[in-house]
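Structure first, then comments.
The values are calculated or read from the model by the stated rules, or taken from the named source; none is laboratory data. Just so it is clear, the model here is predicted, and its values are computed rather than measured. A quick note on method: Cβ atoms are made from the backbone with ideal geometry, for glycine too, and the neighbour counts reach across all protein chains shown. In case anyone asks, the SASA skips ligands and DNA or RNA and just uses the protein heavy atoms, side chains included. Shrake-Rupley method; radii C 1.70, N 1.55, O 1.52, S 1.80 Å.
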Amino acid sequence: MEKRIVVAIDGPAGAGKSTVARQVADRMGFLYIDTGAMYRAVALWASRQGTAFDDHHNLTQLAIAADIDLQADRVFLNGEDVSRAIRTPEIAAAASRVAAVAGVRRALVEKQRAFGARQSVVMEGRDIATNVFPDAQVKIFLDASAEVRAHRRVAEAGGDPAIVAREIQDRDHRDRTRAEAPLLQAPDATYLDTSHLPPAEVVEEILRLIRARTSNGKAVTS
Ligand code: DC
């Protein structure tokens, strides 16, 4: 059986992960998995249920029960298209909080590994190279300056630049300092600063890395 390839892309909010990961997946014919969308979906469900952030038991139960389906650019939670509902600043902040709960992470990491076991994937998030797929063939850490990241978010979704910058800063701090699988560059990941690079160039660089570390997109079996 042909071995599957995992391209792991981690980095802070606004580093350009989604744009780049989606294009890399298209070019390679791999499945694109946005793991942040999974944490957002659980956060949305929890907020609708009124589940408190410190109610770890119920948050974990929701994460286990959540039927999350990722299709191209659409996200489905229990059959409902929540693609837009999960993109608010409130749900972004809530996702970062529920993502700190060990049981929630365990449940979602299991679903993420199941996606990657079935086919070759480009998976983006915070802990893909360090925790979800430490054996990924290609590991990328995407970064950009705080100013550029805030500017990108404002260009995408609008808002007051100072407030958006603050929200990103708070979320990154929480994601980097939590006890469970914090945002961290894997020692064997390639660091790419996208502050002054157009997405097309970042995509080409990642495609070069994939070709170099695999047999032109096929896993090298030894
Ligand atoms: O990538 P994003 O901004 O949609 O992610 C939303 C939140 O989910 C982010 O602040 C941290 C959390 N997250 C995580 O902890 N681990 C991942 N692999 C992906 C996202």
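For the pair Leu184/Arg106, report the inter-label distance in nm, with labels modelled 7 Å from Cα in the Cβ direction.
Calculated label separation equals 1.9 nm.
Given springs between every Cα pair under 10 Å in a Gaussian network model of the chain, which of Asp188, Asp172, Asp34 has the largest fluctuation?
Evaluated over the chain, the most mobile residue of the options is Asp188.
Given a 1.4 angstrom probe, I'd like the percentage of the accessible area of the stretch 1-79 that is carbon and sulfur, rounded to a whole number. Intermediate values should be presented prior to the final figure.
Details: 1670 of 3550 Å².
Heavy-atom surface of the stretch 1-79 belonging to carbon and sulfur, 1.4 Å probe: 47 percent.
What is the magnitude of the charge dipole of the stretch 179-222 about its Cα centre, with +1 placed on the Cβ of each Lys and Arg, -1 on the Cβ of each Asp and Glu, and no other charges, expressed in debye to the nearest 20? Could you put the intermediate results ahead of the total?
Numbers: 4 positive and 6 negative charges, 65 e Å.
Charge dipole of the stretch 179-222: 320 debye, to the nearest 20.
In whole Å, how far is the Cα centre of the stretch 1-49 from that of the stretch 187-222?
16 Å
Using only the alpha-carbon atoms, what does the stretch 1-102 span along each of its principal axes? Please give whole angstrom values in decreasing order.
On the principal axes, the stretch 1-102 reaches 41, 33, 26 Å in Cα extent.
Over the stretch 110-222, with a single point scatterer placed on each C-alpha, what log10 of the ratio I(q)/I(0) does the Debye formula yield at q = 0.13, 0.19, 0.23 1/Å?
Values returned for q = 0.13, 0.19, 0.23 Å⁻¹ are -0.62, -1.16, -1.36.
Of the residues Arg171, Arg74, Arg105, which exhibits the maximal mean-square fluctuation in a Gaussian network model of the chain defined by a 10 Å Cα contact cut-off?
Greatest mean-square fluctuation among the candidates belongs to Arg74.
Is it possible to state the helix-based mean residue ellipticity at 222 nm for the chain, with each DSSP H run of 4+ residues giving -39500 (n - 2.57), the sum divided by total residues, to the nearest 500 deg cm²/dmol? What is it?
Working: 8 runs with 108 residues, N = 222.
Helix-only estimate at 222 nm: -15500 deg cm²/dmol.
Comparing Thr60, Thr177, Thr35, which has the greatest mean-square fluctuation in the GNM of the chain with Cα pairs linked when under 10 Å apart?
Thr177
Mind putting a number on the dipole of the chain about its Cα centre? Charges go on the C-beta only, +1 for Lys and Arg and -1 for Asp and Glu, and I need it in Debye to the nearest 20.
The calculation lands at about 420 debye.
Would you mind listing how long the chain runs along its three principal axes, going by Cα atoms, in whole Å with the largest first?
In descending order, the Cα extents are 49, 40, 32 Å.
What percent of all Cα-Cα pairs in the stretch 167-222 falls into each 5 Å bin, going from 0 up to the bin containing the maximum distance?
Reading the bins upward from 0: 4, 14, 14, 17, 19, 14, 11, 5, 1, 0.
Counting heavy atoms of the protein chains only and a 1.4 Å probe, report the per residue accessible area for the stretch 1-152 as a whole number of Å². Numbers along the way, then the final one.
Numbers: 6460 Å² over 152 residues.
For the stretch 1-152, the per-residue accessible area is 42 Å².
Among Ala212, Ile91, Ala46, whose Cα projects farthest towards the positive end of the dipole of the chain, with charges put on the beta-carbon of Lys, Arg (+1) and Asp, Glu (-1)?
Ala212
Could you list log10 I(q)/I(0) for the stretch 72-159 at q = 0.20 Å⁻¹, which the Debye formula gives when each Cα is one point scatterer?
-1.33
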